[in-house]
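The values are calculated or read from the model by the stated rules, or taken from the named source; none is laboratory data. Computed from a predicted model, the values in this text were never measured in an experiment. Here the Cβ is made from the backbone with ideal geometry for all residues, glycine too, and neighbour counts use every protein chain on show.
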Ligand SMILES: [Zn+2]
Ligand SMILES: [Zn+2]
């Protein structure tokens with residue numbers, strides 16, 4: 001192998017670094033595999049076939065969302081990168097900071113946000129706790145190249161549908177939050193929505209929207225204070241059918257427990273799809289008596305709606321888009337610079353304007369930690385503007 005390296009070039013950019021290239025390149029996109037392999041070797045790196053603790057990087061593109069090796073890669077703390085990152089480093093002649101690349105590497109996008117990635121007090125490192133087994137970094141470029149919906153003048157409303165049985169979820173407060181967080185207008189989905197759980201547990205639940213009645217599969221609830229556990233995917237299928245013409249998306253909020261898979265051990269607090277729909281459950285959050293739980297619910301809500309925009313789980317920072325969010329009080333309410341840049345791209349807001357709206361709202365909610373965080377970032381953005 002050493003001979004091959006010296007044979008191609010004397011560049012030491014990746015000197016001593018061990019790369020494992022995902023098998024999926026081998027099988028489906030051989031030219032990419034070969035190209036990346038040559039780039040790595042010709043710049044002093046080592047390409048290993050075996051995933052081991054010696055490896056520094058695992059090369060796996062965002063488009064290949066099915067890779068059984070990612071769990072092992074994560075457990076060995078190997079960084080997952082895309083082939084385009086390797087190419088970019090070679091082109092720029094340096095090992096570019098991966099967060100910087102994810103935000104602003106290829107072109108000159110998002111330069112205003114670049115200074116923020118250094119601010120560890122505002123955007124700390126991701127916690128191990130908040131990671132999932134299979135994780136692939138979604139860069140800004142992965143985001144803009146993927147197929148996804150964005151709001152526009154004709155379809156700009158975020159509709160909120162109340163799917164609660166007890167009727168005590170205060171959607172007005174939640175709509176205010178959604179509107180400020182996403183810089184889009186909200187409307188309550190006010191067709192007559194009626195949720196009737198079957199009294200015999202484990203049987204279909206009926207949801208009536210206008211003249212239509214949908215049968216939704218249910219299971220026995222695991223969460224206390226709920227009468228049923230409704231199938232989130234059935235709800236999403238139903239929402240796709242009733243989405244209003246002027247809606248960018250529709251968010252269903254239920255006070256009942258929800259599930260995706262037929263087992264009682266997995267807890268689900270929200271589920272979204274790229275079809276402009278999502279559902280979140282309030283059943284694990286006391287929104288009236290606990291500030292912490294109210295705060296955690298807002299994180300869950302923001303997280304699921306971000307998924308609707310096509311924003312994937314985040315591995316770059318401690319961020320509201322971390323895979324695990326809302327069940328402990330550890331993740332922030334906020335989007336990291338990389339994910340903020342994606343939301344800005346989709347909605348087209350001005351960042352300071354969005355934060356100013358949020359600060360007004362959080363003052364109203366008396367959420368002092370959030371207020372002081374936004375004050376800090378507004379200050380930081382001002383500093384960057386004038387410097
Ligand atoms: Zn998620
Ligand atoms: Zn993030």
Considering (1) in a loop (DSSP other than H, G, I, E, B); (2) in contact (Cβ under 8 Å) with a residue 40 or more places away in the chain, say which one residue 87 fails and leave the rest. (1)
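Name every residue in segment 1-21 that is surrounded by 21 or more Cβ atoms within 10 Å (Cβ to Cβ) and modelled with pLDDT of 80 or more, in order of residue number. Before you say what the answer is, go through the steps one by one.
So in segment 1-21, the residues surrounded by 21 or more Cβ atoms within 10 Å (Cβ to Cβ) come out as 5, 14, 19-21.
Those that are surrounded by 21 or more Cβ atoms within 10 Å (Cβ to Cβ) and modelled with pLDDT of 80 or more: 14, 19, 20, 21.
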Among (1) within 12 Å of ligand 1 (Cβ to nearest atom); (2) at positive phi, residue 276 falls short only on (1)
Qualifying residues in segment 289-319 (those that are in a loop (DSSP other than H, G, I, E, B) and modelled with pLDDT of 95 or more) - the one farthest from ligand 1 (Cβ to nearest atom): 310
Flag if residue 264 is surrounded by fewer than 23 Cβ atoms within 10 Å (Cβ to Cβ), in a loop (DSSP other than H, G, I, E, B) and more than 16 Å from ligand 2 (Cβ to nearest atom): yes
So, in segment 320-350, of the ones that are modelled with pLDDT of 90 or more and away from ligand 2 (no atom under 15 Å from the Cβ), which residue ends up farthest from the chain's Cα centre (by Cα)? 350
Residue list for segment 307-333, filter: touching a helix residue (DSSP H, G or I) at 6+ places or on another chain (Cβ under 7 Å) and either free of Cβ contacts under 8 Å to residues at least 60 places away in the same chain or on the phi > 0 side of the Ramachandran plot (or both): 310, 320, 321, 326, 329, 333
Might you check whether a residue that is more than 18 Å from the chain's Cα centre (by Cα), buried (at least 18 other Cβ atoms within 10 Å of the Cβ) and touching a residue at least 24 places away in the same chain (Cβ under 8 Å) occurs anywhere in segment 271-279? no
Exactly one condition in (1) over 12 Å from the mean Cα position of the chain (by Cα); (2) within 16 Å of ligand 2 (Cβ to nearest atom) is not met by residue 307; state its number. (1)
Would you confirm, using the coordinates I've provided, whether residue 178 is in contact with a helix residue (DSSP H, G or I) (Cβ under 8 Å, 6 or more places away or on another chain) and closer than 29 Å to residue 362 by Cα? yes
Do you know which residues across segment 106-130 are surrounded by fewer than 15 Cβ atoms within 10 Å (Cβ to Cβ) and under 18 Å from the mean Cα position of the chain (by Cα)? 124, 125, 127, 128, 129
